[in-house]
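K.L.:
Here you go, one structure.
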Amino acid sequence: MQSELFYKYPKTILNKGTGFLSGYTHSLNPYVGCAYGCSFCYVREMPVSTFRDEEWGAWVDVKKGAADLLQKELARAKKKDGVTIFMSSSTDPYQPAEHKECITRSLLEVMVEDPPDFLLVQTRSPMVRRDIDLFLQLENNVRVSMTIETDREEIRKHFTPGAPAIRGRLKTLQLLKEAGVPSQATIAPLLPSSRSFPDLLREYVDRVCIDDYFMGDGSGGRRTENLGIREKYEELGLEKWYEPVTYQKLMRRFQRVFSDDQIYVSREGFMP
């Protein structure tokens, strides 16, 4: 599905870190809306989506002038205190529109010139590899968090057919590792996967974050339930994967391959 782009000129770009992201001083979203349109995305249940006539995934607002805004707001914020930034909390900063618009790259260029104390880049897109040159300039003050919900492509296609294939994401993690960019694999929300999933990821990262709907959607799983995600599990006969205790089962699999200090759960895995 091709998303329709709308060009907006926001008055602010940095948002105060609250709730799940209260460990950050700010969140930063280059876009509003997300072309990937993942079925389980809790943002579908938030006002930014519910007040739009178009279906989630069918529209994207492009924040024009974002870099100039960030330059001013970042300098102002740094004068007051330390600055830590989560990019992005409600959209993928490397969704297809970024190829042409380059809003995310322009924001990174600002941060290279005036670095925050820490930046986490959350994405499921292999396009993040394009900006390795900028991440290297941020040195250890950045972490790229690559979402890999499952190692089973048929599962990925069932739940999030508009998102990039798993193979491309793994290749990107390999390139980040080879370049020396701090990174992690984020299994969020965890989807049904094979027993060899931990062994696969071990080749690419030494840090993983496991999160599910019940911990990560900001409502104890209610937002996700409202989206009808349980039915998508039932269609595959995999209801046992849709339970609050499932993450513990996945943790035990990962503990066979990763040490305890390499495995993070939910919020702690996203913190600076």
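Computed from the coordinates by the stated procedures, all read-outs in this text should not be read as laboratory data. Being a predicted model, the structure only gives us computed values, none of them experimental. Here the Cβ positions follow ideal geometry from the backbone for every residue, glycine too, while neighbour counts run over all protein chains shown.
K.L.:
Between the helical axis of 66-80 and the dominant principal axis of the chain, each derived from Cα atoms, what acute angle in degrees is found, rounded to the nearest 10?
P.N.:
It works out to around 90 degrees.
K.L.:
How many angstrom lie between the Cα centre of the range 198-272 and the Cα centre of the range 85-157?
P.N.:
Cα centres, the range 198-272 to the range 85-157: 21 Å.
K.L.:
Which three extents, in angstrom, do the Cα atoms of the range 196-255 have along their principal axes, listed largest first?
P.N.:
The Cα atoms of the range 196-255 stretch 36, 26, 18 Å along their principal axes.
K.L.:
Using +1 on the beta carbon of Lys and Arg, -1 on that of Asp and Glu, and nothing else charged, what's the dipole of the chain about the Cα centre, debye to 20?
P.N.:
200 debye
K.L.:
With a cap of 15 neighbouring Cβ atoms within 10 Å, and only residues DSSP puts in a loop, list the trypsin sites (Lys or Arg not before Pro) found in the range 89-144.
P.N.:
Details: sites: 100, 105, 124, 129, 130, 143; in loops: 124.
Within the range 89-144, no trypsin sites (Lys or Arg not before Pro) qualify (loop, at most 15 other Cβ atoms within 10 Å).
K.L.:
Moving to a separate point now. Suppose R0 equals 25 Å; then what is the FRET efficiency for residue 79 and residue 22 from their Cβ-Cβ distance, rounded to the nearest 0.05?
P.N.:
Working from the Cβ atoms, E equals 0.70.
K.L.:
Quick one: what Rg and Dmax do you get for the range 92-222 from the alpha carbons, in Å?
P.N.:
In Å, with Rg to one decimal and Dmax whole: 15.0, 44.
K.L.:
Pop a pseudo-label 7 angstrom from the Cα along the beta-carbon direction at both residue 248 and residue 167 and give the gap in nm to one decimal.
P.N.:
Once both label points are built, they end up 3.8 nm from each other.
K.L.:
Roughly what angle does helix 103-113 make with the longest principal axis of the chain, taking Cα atoms, 0 to 90 degrees, to the nearest 10?
P.N.:
Helix 103-113 and the main axis of the chain meet at about 60 degrees.
K.L.:
Within 10 Å of each residue's Cβ, count the other Cβ atoms and sort 85, 155 from fewest upward.
P.N.:
Arranged by neighbour count, lowest to highest, 85, 155 become 155, 85.
K.L.:
If you don't mind, another one. When only DSSP loop residues count, what GluC sites (Glu not before Pro) in the range 146-211 have their Cβ near at most 11 other Cβ atoms within 10 Å?
P.N.:
Qualifying residues, ordered by number: 203.
K.L.:
Between residue 2 and residue 130, take the C-beta separation as r, use R0 = 22 Å, and let me know the FRET efficiency to the nearest 0.05.
P.N.:
Calculated transfer efficiency: 0.55.
K.L.:
Another question, then. Limiting things to C-alpha atoms, what are the Rg and the maximum Cα-Cα separation (Dmax) for the chain, in angstroms?
P.N.:
17.8, 54
K.L.:
Also, I was wondering about something else. Taking 7 Å along the Cα-to-C-beta vector as the label spot, tell me the residue 257-residue 177 distance in nanometres, rounded to one decimal.
P.N.:
1.0 nm
K.L.:
For the chain, take the longest principal axis of its alpha carbons; what is the angle in degrees between that and the long axis of helix 166-179, to the nearest 10 within 0 to 90?
P.N.:
50 degrees
K.L.:
Please identify the GluC sites (Glu not before Pro) of the range 52-145 that satisfy two criteria: DSSP loop assignment and at most 16 other Cβ atoms within 10 Å. Which are they?
P.N.:
Values: sites: 54, 55, 73, 98, 101, 109, 113, 139; in loops: 54, 55.
Answer by residue number: 54, 55.
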